[in-house]
Structure formats: C-alpha cells, structure tokens
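Everything below concerns the one structure shown next.
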Amino acid sequence: MADQAPPAAPHQLPLEQLIACHECDLLLRKPAPEQGERVECPRCGYELYTHRHQVLRRSMALVVAALLLYLPANFLPIMQLNLLGQASEDTVWSGVLGLYNSGMQGVAVVVFLCSMAVPLLKLLCQFAVLLSIRLDIGRSYGLLLYRIYHHLRDWGMLEVYLMGILVALVKLADLADVSLGLGLLCFIALLLVQVWLEVTMSPHQIWEALSGEDGHAGD
C-alpha cells in the first residue's frame with residue numbers, strides 16, 4: 001500500500017486557500033467553518049472571522065433601516081430649549097449651520113463630514129455592495145466601493161457626536177428647561193443599527209461573494 005503524501009505546507013498552497021492572522025501574522029490554511037462557527041488563530045487566539053447565517057438578507061435589512069433613520073436623525077429636533085421665555089429647537093443640521101455662521105467654519109466642516117456626510121457615504125457604499133452581490137452585477141464596482149467603505153470607517157464618528165450631545169444636555173439642564181426631541185431617539189437608533197450592521201456584515205463573506213468565491217454570502 002502506497003504511503004499517503006504529507007499535507008502541503010501553507011507556503012505551497014494557493015493564496016485563496018490561505019489566511020493570515022491580523023494580530024500575530026501567522027499564515028494558516030483557510031478553514032471551512034459551518035454556519036455560526038467562529039474561527040480563531042491557534043497561536044494568539046484572535047478571532048479571524050465568524051461564518052454568519054443569512055448575511056446578505058440581514059445586512060440589507062439593516063442598511064435600509066439605517067437609511068430610513070438618517071433623515072429624521074439629522075433633521076428632526078434633538079432637543080427643545082426654553083430659556084427666559086424664548087424657545088428654540090436644535091437639530092444636527094442646525095448645529096452645523098450655527099458653527100458656520102458663528103465664524104467656526106473649519107469646525108463646522110469637520111462636524112458635517114464626521115456626523116452627516118461620511119456616515120451617509122458609508123451606508124450608500126454598503127447598500128451598493130450588497131445590491132451588486134444580490135443582483136450579481138457590477139462586482140468590480142462592488143469591490144471598489146467596499147474598499148472605499150473600509151477607508152471611511154474611521155471617519156464616521158456618530159458615537160463621539162452623541163457623547164457631545166449628551167454632555168451639552170447635562171450642562172444646559174442647569175441653565176434652562178430642556179426636553180428631548182424625536183431626533184435624538186432617531187439618532188441613537190441610527191447609531192445602534194450601524195453597530196449591529198458592523199457585526200452582521202461579515203467582511204470575509206462579503207469579500208468572498210464579491211470575488212465570486214461565494215455568490216450567496218450566506219444568503
């Protein structure tokens with residue numbers, strides 16, 4: 001009986017069968033996990049990825065929900081302020097305009113980019129990527145948009161803006177009558193949906209679907 005050939009070393013395998021740990025750079029043979037199974041690095045224990053169930057459908061639903069929440073979160077009143085008989089309502093957009101009109105144009109541009117423009121661009125990129133996989137069209141554009149999305153991730157800072165709003169509410173409560181608006185609830189909901197989307201939209205499954213290795217992305 002002939003001896004069985006030893007398994008090939010990682011450096012002898014095709015690139016599509018390999019994966020590198022992001023923490024310790026260990027080169028591994030890419031496993032084939034079951035639905036919901038988590039893959040960890042055997043050397044440092046870092047989670048390489050989790051093979052999620054129905055990634056495409058769940059991610060698409062979350063993206064649509066986030067896009068529906070975007071307008072009310074940014075243009076509905078975050079709070080109503082009543083000071084010495086004068087009432088005013090503030091939104092994210094009015095805050096940007098207030099900064100710009102008060103001479104702080106640079107700060108206004110940064111707030112606009114990080115709290116409104118970049119989050120919207122991220123959602124549109126995610127929607128276009130999921131749509132290209134779903135309809136099986138424009139995969140090359142989908143790859144480009146998904147790379148753009150990853151570069152934008154560090155610039156969308158809704159959580160920082162939310163902390164600023166909460167700090168302002170606490171400080172203003174001692175000076176005037178402050179009541180929360182529907183816009184704040186929508187803003188918090190938008191932030192939570194985006195966090196949920198980051199967890200659900202498994203990067204390795206999306207990359208594989210865009211490259212044609214897995215056309216259904218767990219759908």
Task: Elements of type helices (runs of 4 or more DSSP H) contained in region 87-148, each with 3 or more residues being among the aliphatic types (A, V, I, L, M) and touching a residue at least 60 places away in the same chain (Cβ under 8 Å) - done: 118-135
- [ ] Give the number of residues within region 46-68 that are at pLDDT 75 or above and over 23 Å from C125 (Cβ atoms).
- [x] 1
Task: So P7, is it part of a loop (DSSP other than H, G, I, E, B), modelled with pLDDT of 85 or more and over 21 Å from the mean Cα position of the chain (by Cα) - done: no
TODO: Could you tell me whether any residue of region 140-156 is crowded, with 16+ Cβ neighbours inside 10 Å, closer than 19 Å to W196 by Cβ and either of a type in the set (K, R) or at pLDDT below 70 (or both)?
DONE: yes
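The values are calculated or read from the model by the stated rules, or taken from the named source; none is laboratory data. Note that the coordinates shown come from a computational prediction; the quantities given were computed from them, not determined experimentally. In this analysis, Cβ positions are derived from the backbone assuming ideal geometry, glycine residues included, and neighbour counts consider all displayed protein chains.
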